[in-house]
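**Q** Take a look at this one; I'll ask things after.
The values are calculated or read from the model by the stated rules, or taken from the named source; none is laboratory data. Being a predicted model, the structure only gives us computed values, none of them experimental. No Cβ is skipped: glycine too gets one built from the backbone with ideal geometry, and neighbour counts run over all protein chains shown. Keep in mind that these areas ignore ligands, DNA and RNA; they rest on the heavy atoms of the full protein, side chains included. Shrake-Rupley method; radii C 1.70, N 1.55, O 1.52, S 1.80 Å.
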Amino acid sequence: MLRPLVMFGYSLIFIITIIFSSGLLNVILPYYKTIQNLGEISVKWQYLTEHKDDYDAIFLGPSTTYFGVIPKLFDKYMTTEGKSVKSFNFGIAGANVSELDFYLQKILALEPANLKWIFLDCSVDLFTNIGSTSAQEIYWHTPRKTLENFQLILESSIDNWKVKVPYIYANFQSFIYRWLGIGQLSTLWQEAILNLDLSNSDPLAKVSEDRLIQESGYYAIDWQEKAEKWKTIFRANGLDTYQKNLKNEQTKLANLNSENAFNERSTIYGAKMIKNIASRIEQQQINNKKMEAIFFIPPILEADSNPSAIYRAYKSGYIDTLFSFNNPNYFTNLYELNRRIDSAHLNNQGAEEFTVLLASQFSQYLNNSGEKLISGKL
């Protein structure tokens, strides 16, 4: 009787040792520090590392930034205003505030010699793709970032634990995969071994890498092969909901200042994370010059992304500058159907108009010598 218990004990110790050894090795091995097999993220990262000293400004955010901000157009507008700016779009589809902070730290570690401004579009209500074990999801799930996401999920406005628990499990799964080094083989395993076509899970999954670099990290949804299919699906299944949400938000904002119009429930931790991001940027000194964090809210409805955390961060004095474009009564054109691919994303025409508006607000900010500013809210 005693012998089986001893054998079980030794086996348990062996398994625990393997797990911890795998994790420690993954901290030491290059996988922990390099970005590999992550599609557009890897392409952008490699290019940025090779040209890190070329840029004055970087746009960092989720798909609303990736598909919504056109660096070449932004730079051109700034030139017409007598200001020389060269920018790069490091937008990452699906990224929440934890994932963005993970890549922000990597960008700052490069110490770009001429980087002055980092524009941030921070979503605190994206947690991870449930059921996804893609290399992208796995890569950023360090212990600290996983714990941050747990906290964001717990304090979120989601009341249904049947929704929260799958999010928590998905983040824990991604952490375990990273800890054990499975992330290095995740994409290969799913495509080559399991014979899965990962592009089928996202109609907008594949881009032209050459064009991505030519456009300084921007890629219009319109340019993707399945864009028309994506738009058709939205028109058939999501249009009524979008129009209803748009009308409701327009009514609410008609009587309230947009800064106070959004539910601030459960945003304390999210606001503190935004504070930490701003502090990390502003403490970075290159050539004895401080960088600036410029936060912005893209033209998106509360139903798709609640901005209450970033408003709380601003009103608490955690951040000095916020450009907000989430008022459909003020930026009416950006919410029209011919400017959008779906409820959350602009098409190329919408991105052009939004980029010019963003550049205009930034030019005004520079003309005011960087005074504390919230704009676009009226």
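**Q** At q = 0.10, 0.13, 0.15, 0.17 Å⁻¹, what base-10 log of I(q)/I(0) does the Debye formula yield for segment 35-125 when every alpha carbon is treated as an equal point scatterer in vacuo?
**A** Those come out to -0.24, -0.41, -0.55, -0.70, one per q.
**Q** Around P71, what is the net charge, scoring Lys/Arg as +1 and Asp/Glu as -1 over all other residues with Cβ under 10 Å from its Cβ?
**A** Surrounding charge for P71 is +1.
**Q** Here's another thing I want to ask about it. Multiply the residue separation of A254 and K290 by 0.36 nm, subtract the distance between their alpha-carbon atoms, and state the gained length in nm to one decimal.
**A** 9.1 nm
**Q** Hey, with R₀ at 35 Å, roughly what FRET efficiency would A113 and N333 work out to, going by the Cβ-Cβ distance, to 0.05?
**A** With a Förster radius of 35 Å, E is 0.40.
**Q** Let me ask something else. Using θ = phi - 60° and the Karplus form 6.51 cos²θ - 1.76 cosθ + 1.60, what ³J(HN,Hα) does each residue of segment 84-97 get, whole Hz, x for Gly and Pro?
**A** The phi angles translate into 8, 9, 10, 10, 9, 9, 9, x, 10, 4, x, 6, 9, 4 Hz.
**Q** Which percent of the accessible area of segment 72-171 is formed by carbon and sulfur heavy atoms (probe 1.4 angstrom)?
**A** Accessible surface attributable to carbon and sulfur in segment 72-171 totals 55 percent.
**Q** So, in nm, how far is label A236 from label S157 when the simple model puts each one 7 Å beyond its Cα toward the Cβ?
**A** Reported label-point gap for A236 and S157 is 3.1 nm.
**Q** If you bin the C-alpha pair distances of segment 60-105 every 5 Å from 0, what whole percents do you get?
**A** Binned Cα distances yield the sequence 6, 23, 23, 17, 14, 11, 5, 0.
**Q** Please work out the ratio of the alpha-carbon Rg of segment 269-349 to 2.2 N^0.38 Å and round it to two decimals.
**A** It is 1.31.
**Q** Something else: Report the charge-dipole magnitude of segment 35-161 in Debye, nearest 20, computed about the Cα centre from +1 at each Lys and Arg Cβ and -1 at each Asp and Glu Cβ.
**A** Using Cβ point charges on Lys, Arg, Asp and Glu, segment 35-161 gives about 340 debye.
**Q** If amide H atoms are built 1.01 Å from N in the plane of the peptide, which residues on other chains or at least 5 residues away come under 5 Å of the amide H of E292?
**A** W117, I118
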